[in-house]
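What follows is a set of notes on a single structure, which appears directly below.
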Amino acid sequence: MTAIAETAQHIGVLTPETDKLKEECGVFGAYDFGGGSVAEDVYCGLLALQHRGQESCGIAVTDTAGPKGRVLSHKGMGLVHENFSREILDRLQGDIGVGHVRYSTAGSSVIENAQPLVLNYIKGTLALVHNGNLVNAPELRRELAHDGAIFQTSIDSELIAYQVARARVHTASVEAAVAKAMEKLKGAYSLVIMSPRKLIGARDPLGFRPLCIGKRGSAYVLASESCALDAVGAEFVRDVEPGEIVTISPRFGIRSDRSHCLRSGKTARCIFEYIYFGRADSELDRVSVYESRLHAGRCLAQDSPVEADLVAGVPESGNLAALGYSLESGIPYGQAFVKNSYIGRTFIQPQQSARESAVRVKLNALRGAVDGKRVILIDDSIVRGTTSDRIVRMLREAGAKEVHMRVSSPPFLYPCYFGTDIPESSQLIAHGRSTEEIRQIIGADSLAYLRLERLPELARGLHICDACFSNHYPIAPPTEDIRGEYDR
Ligand code: SF4
């Protein structure tokens, strides 16, 4: 936990859904070959990616017709709509732009760590946005520090920017510098980089985090998820392949370098993007998040059936799996809770029975829907198990006769090092406990998880990472804390 988060807890400010994992980050880039200003598109793209990070955000633009390498940028803590006004967007005039929404999985939640990172160096300017975590960040940081590097942030994105800038001194183009830099990077990264005349997208060879390309008229866009292409009216062109570097420029259109793509084709797309992180209207690597979640529900109905009167999801993320369960089982689908959509990211929780209230302010059971019924309740995951017992109790207090919990992911057993905040095993409720023991803790009549063997079906056979469930890490976990000494 960062110092800031710790302080927040002490003064009673908590994330309302305390048992939800945080998305890592969202990246967006745009280049209008027709010279049109792109700041507004980047802004709309970031609004569509807001679910991937709510701690900070930022936009940087450059004008290819203006002074070479002049970058205009604006960053702030909090949500996109809280940080950008009409005046700010009007000031950000440029035909290439990059944007970022952030949740800190490595590096503290402070404005210095907000992105885009803008770097002035011998060859001009670079603006970079990054989604993911490097497993060799401490090593790279030490190496650069010994070489005299001075860091302005504690995020590993700065290490990537440094590597690109260094490589650029000895390479013919910025895309060649990105390729050279990638030789040193280990871990998860989806990058969008703006140089004075080019927009570049790159994805790590295992493809942990998504990145796709869209087009609208004379403008190309790069985005973490396809829902952001829809938001700016761009047509989906294709996904950036794991290991691929795409360079977007008026001279060549989209130029691709696949020298880092793995010949084995063995990628490691994060399966949790489909289960929870991604937005339901996105397609990631051509697999619909919506279909994936429906399918998870169907699997649960096939593998863990139970007689009941109603299937409901823990809003919002459990709803689609609940619908899938209902379609497969024939048990009616309905709503069991009302969610207060007006609660922000954090709220000052009431003093008395604080944790209880934190959940109740956010969610309330619908007595009229559950009274006297046997309810199947679907959630996408149970992480620490800090809220499930209260949610089950709420249903019982609203009159539910039975509460059967079904979870549309396998039990979390191991931490993630690739850009999410899945904590150490000791903090995970499933670590060292049987399903029956967890059922007793949360007070449900029955409990079942999605079976591990079902996960590849959710990504329609793509090679996936499922390390937090299986302990099969596609890259060896780091041997030291990847938050780095600056954040401890
Ligand atoms: S460890 Fe889990 S959350 Fe992390 S990338 Fe792999 S599947 Fe995703």
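Computed from the coordinates by the stated procedures, all read-outs in this text should not be read as laboratory data. For clarity, every value in this text was computed on a predicted model and none was experimentally measured. Methodologically, a virtual Cβ is constructed for each residue, glycine included, from the backbone with ideal geometry; neighbour enumeration extends over all protein chains shown.
For Glu437 and Asn471, the FRET efficiency from 1/(1 + (r/R0)^6), where r spans their Cβ atoms and R0 equals 25 Å, is about 0.80.
Work out, in µm²/s and without decimals, the Stokes-Einstein translational diffusion coefficient of the stretch 48-201 at 37 °C, 0.692 mPa s, Rh from Kirkwood over C-alpha pairs. Mind dumping the intermediate values first?
Details: Rh = 15.8 Å.
Stokes-Einstein gives a translational diffusion coefficient of 208 µm²/s.
Can you tell me the alpha carbon radius of gyration of the chain divided by the globular rule-of-thumb value 2.2 N^0.38 Å?
Rounded to two decimals, the normalised Rg is 0.98.
Residue by residue, the stretch 288-299 carries 3J(HN,Hα) couplings of 6, 5, 4, 4, 4, 5, 4, 5, 4, x, 4, 4 Hz when phi is fed to the Karplus relation 6.51 cos²θ - 1.76 cosθ + 1.60 (θ = phi - 60°); x denotes Gly or Pro.
Among Ile442, Ile213, the order by Cβ neighbours within 10 angstrom, fewest to most, reads Ile442, Ile213. Summing charges over all other residues whose Cβ lies under 12 Å from the Cβ of Pro250, with Lys and Arg as +1 and Asp and Glu as -1, gives +2. Sites count as exposed loop sites when they are GluC sites (Glu not before Pro), lie in a DSSP loop, and have at most 13 other Cβ atoms within 10 angstrom; the longest stretch of the chain without one is 1-182.
Determine the sum of side-chain charges near Lys198: Lys and Arg each +1, Asp and Glu each -1, restricted to other residues whose C-beta is under 15 angstrom from that of Lys198.
After counting each charged neighbour, the total is +1.
Each of Met182, Met194 was scored by other Cβ atoms within 10 Å of its Cβ. Listed from fewest to most, they are Met182, Met194.
Arranged by the count of other C-beta atoms within 10 angstrom, fewest first, what order do Asp204, Asp90 take?
Asp90, Asp204
The charge dipole of the chain, taken about its Cα centre with unit charges on the Cβ of Lys, Arg, Asp and Glu (plus for the first two, minus for the last two), comes to roughly 600 debye. Here r is the Cβ-Cβ distance between Asp303 and Thr386 and R0 is 25 Å; the resulting FRET efficiency, rounded to 0.05, is 0.45. Summing +1 for each Lys or Arg and -1 for each Asp or Glu among the other residues whose beta-carbon sits under 10 angstrom from that of Thr267 gives 0. Checking every one of the chymotrypsin sites (Phe, Trp or Tyr not before Pro) in the stretch 419-488 against DSSP loop status and a limit of 16 other Cβ atoms within 10 Å picks out Tyr486.
A crude spin-label estimate for the pair Phe151 and Asp90, with each label 7 Å from Cα along the Cβ direction, gives 4.0 nm. When Rg and Dmax are taken over the Cα atoms of the stretch 50-141, they come to 14.0, 42 Å.
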